[in-house]
Amino acid sequence: MERGLRLEKELLVDPDYFTTLGYGVDLRTKRAHHHNELSRHRYDVVLYADEPDVRLDNIPSVDWATGNTIGELLRGDWPSAEAIGQLLSGSWSATGMTGERPRGDRPEALRFTGIPDGRTTETGVDPEHLHELGTAAGYQVLTTWSAQEGTYDAVFLKSAELRLTGGLFKPGGGTHPYANDPTAAREASALVRRLRDDLGRELPDYMVPSAFVTVDGLPMNANGKLDVRALPDAEPAVALGGGRGPRTPQEEVLCRLFAEVLGLPEVGAEDNFFDLGGHSPLATRLVSRARTELGAELAIRDLFEAPTPALLAGRAAQASPARPAVTPVAERPDRIPLSAAQRRLLLVEEITGSGVAYNFPLVFRLRGTLDTEALTAALRDVAVRHEALRTVFPTHEGEPYQRIVPAEDVAVACTVLDCAEHELPALIESAQRRPFDLTTELPLRCEVLRLGVDEHVVAVVLHHITTDEWSDRPFLADLDTAYAARREGRAPEWTPLPVQYADYTLWQDDLLARTGDAQLAHWSEALRGLPDELALPADRPRPTAPTGHGGKVRLELPTATGHALRGLSGATGTSMFMLFQAATAALLNRLGAGDDIPLGAPIAGRTDEALADLVGFFVNTLVLRSDVSGDDLTFRELLSRVRESSLAAFEYQDLPFDRVVEALNPPPRGRPQPPSRSCSATTTAPPVTRTCSASRPSGSTWTPAWPSSTCTSPSSTRRAATGSSCSWSTRRTSSTRRPPNGSPPAWPACWTTRQPNPTAR
């Protein structure tokens, strides 16, 4: 609180200040139907020397938290909120009042205290609702601040419009000096900016501190030395700010969206999205939300080139109208077609005939008590919530389609098996590799391997046609919520999802019908003359049919190297993903792959905010082409080329990968080959351990129990606290020769980098 006041650039005055001036005070909060800073935090004050029109010091008072006369209001059931009307009309007697009155008497005035503020919290009461109720009962309503933080008082008066009141506002214990010093905040911001600029001229970017904190004085201990523990922690939203607040409605919206997407309390109009910890998946989410709220067709490129709310607001003002948002479809067709990603997956599975290549396992070791009946019920709850988890894929005239199983018919398979520790590997392998019959079987099942009373391994297996790695978070969060509720003997309560996967499928078909030709034209030109295959060194011929067998080499980058890479990323305006893409292209070029390096990149495919918390399969693949030609080419120049090609690719990411392959029609080599044989991806590493309500209140945790291979979206992280790790995955059937000294192999089929959590500092 003290630091927030110190850094506030506007004058803030405690209402109690006006009661110390020796005048009468009429202090009322502002009225508004649409709430913003003006209605949430500002108020009107009238100081007067004469007698007021009415005194409100001793009128009857009801505590909102304890008075049972407002039951429906307290629950937010506005249509049936009759209690206060009955009280005001005199047909009820009030409890909790400071003064008793006979039943049937209409009070001349009545105060409600400690009302939760609906202007700042979803569970509170909007003052406008009380104004409406008062008007219906023949009362005028005045609102003012309460002594309790986050609440307000409402006074109901039978009198006509009153010019001045006495005793409406009651002091809440404010102390001198009652206000902040906005000039100090501006001086601190200017100091931080000068200091950062001076250090930036003398030091590499990665050595410039990411956070600065101003203090009035250094805390000292009893020995006269600096008390390090007493120093305040650096908060990113405060320390990285130093800029001004929003000046336009567009800037205000973007500042709020920046803060919400980044998980920060506030963001200034001149704060850089990437300096605050933003990366590519978060950039996609921010752009989709900004597109919806501002009604402007923004792209990932806009955020990279205009990474502050002020600059992005300028882009939004000049942008064309936004594409239609994903919305629920009222009248769905009898047979819902597959999405582009689902069609691509089923085609690949039909060609390979493996049946288990796209099983998607989530395996955890659970220490603590486990209620298997509650878990089974929770899995069903989650399947009912997300239609994709209760969808089967029958065929009609040879064409598969989505059939959504009615909620009342959903039954998720959940089996329990007692086993010993040494049996786990084989049992987990068996659970992962048992195929789904997607024509009749839900793409979700669960096996609980019971090692003891308080130790279990839970293997949840989904089919990739219904999920992707982004879906892990909403799936596990909803499973946790549902399990906690079922353990308490009730159904889970959650906010309804804005759309379902079938709505997205139909929206995507409509979008591609309007924009598909333009996107296809871009990819046809961008990938014109693409090399058939990268000529990489190998010690054996490539097999005609892939086997899926491969190996993985991990490399931990030193912390200093990680900081240097993030410094280079910031200095060149590129994401960490772009940096590693350029490094991969340079490596392959040095190994003889030529000057034209195509790399595949999996992307999240969730370009609309309504899809953020939805379980489903949205992943698409982009082909990113890197030009490494030129004898004098520097790595920074290569980064600039990669940045441009990547941003262009993200602008046209909606076109399904199979449409690109079909249009390019690459020459077959034993089997049809995609335009990219190598893949590069970057992922943000989440915490290893998840706390789960399955073990509450005994304090157990979910921890990963078995490795599983997943596909992630490009992302980047800047200014993280630790180093990064890399891994190279190779197909042993293509080549097994290793470079000397144990260095990574020279023929990566898939190369992945893992970054620390973006919130780490």
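The values are calculated or read from the model by the stated rules, or taken from the named source; none is laboratory data. In this text the structure is predicted, and so the values were computed from the model without any measurement. Here Cβ is always computed from backbone atoms with ideal geometry, including for glycine, and neighbour counts include all displayed protein chains. Keep in mind that these areas ignore ligands, DNA and RNA; they rest on the heavy atoms of the full protein, side chains included. Shrake-Rupley method; radii C 1.70, N 1.55, O 1.52, S 1.80 Å.
Details
- Of all residues in region 630-649, those that are surrounded by 12 or more Cβ atoms within 10 Å (Cβ to Cβ) and over 11 Å from Ala585 (Cα atoms) total 12.
- Scanning region 45-62 for residues that are over 22 Å from Tyr23 (Cβ atoms) and either modelled with pLDDT of 80 or more or loosely packed, with under 13 Cβ neighbours inside 10 Å (or both) turns up Pro60, Ser61.
- Selection count, region 111-132, where residues are basic (Lys, Arg) and closer than 22 Å to Leu56 by Cα: 1
- Filtered residues of region 545-589 (kept if assigned to a helix (DSSP H, G or I) and not hydrophobic (A, V, I, L, M, F, W, C)): Thr559, Thr561, Gly562, His563, Arg566, Gly567, Ser569, Gly570, Thr572, Gln581, Thr584, Asn589
- One residue stands out among those in region 1-32 that are part of a strand (DSSP E or B) and hydrophobic (A, V, I, L, M, F, W, C): the one that is modelled with the lowest pLDDT, which is Val13.
- Out of Ala601, Ala535, Ala571, sole residue that is surrounded by fewer than 18 Cβ atoms within 10 Å (Cβ to Cβ) and closer than 30 Å to Ser288 by Cα: Ala571
- In summary, Thr327 fulfils each of the numbered conditions (1) over 25 Å from Glu399 (Cβ atoms); (2) in a loop (DSSP other than H, G, I, E, B); (3) open to solvent by less than 30 Å² (accessible area, probe 1.4 Å) with the single exception of condition (3).
- Number of the exception - Ala317 against (1) closer than 26 Å to Trp507 by Cβ; (2) open to solvent by 40 Å² or more (accessible area, probe 1.4 Å); (3) touching a residue at least 40 places away in the same chain (Cβ under 8 Å); (4) assigned to a helix (DSSP H, G or I): (1)
- Positions within region 452-480 being in contact with a Phe, Trp or Tyr (Cβ under 9 Å, 6 or more places away or on another chain), part of a loop (DSSP other than H, G, I, E, B) and either surrounded by fewer than 17 Cβ atoms within 10 Å (Cβ to Cβ) or of a type in the set (D, E, K, R) (or both), in sequence order: Asp468
- Region 149-175: number of residues that are at pLDDT below 75 and either open to solvent by 40 Å² or more (accessible area, probe 1.4 Å) or of a type in the set (D, E, K, R) (or both): 5
- Some residue of region 482-503 being closer than 21 Å to Arg403 by Cα, in a helix (DSSP H, G or I) and charged (D, E, K, R): yes
- Considering Asp596, Asp613, the condition of being touching a residue at least 40 places away in the same chain (Cβ under 8 Å), under 30 Å from His463 (Cβ atoms) and open to solvent by 20 Å² or more (accessible area, probe 1.4 Å) is satisfied by Asp613 alone.
- Put simply, of Asp627, Asp654, Asp658, Asp608 the only residue that is at pLDDT 90 or above, surrounded by 15 or more Cβ atoms within 10 Å (Cβ to Cβ) and touching a helix residue (DSSP H, G or I) at 6+ places or on another chain (Cβ under 8 Å) is Asp627.
- Hey, Pro492 out of contact with any Cys (no Cβ under 7 Å at 6 or more places or on another chain) and open to solvent by 10 Å² or more (accessible area, probe 1.4 Å) or not: yes
- Qualifying residues in region 390-409 (those that are open to solvent by less than 30 Å² (accessible area, probe 1.4 Å) and under 22 Å from Leu347 (Cβ atoms)) - the one nearest to the chain's Cα centre (by Cα): Thr391
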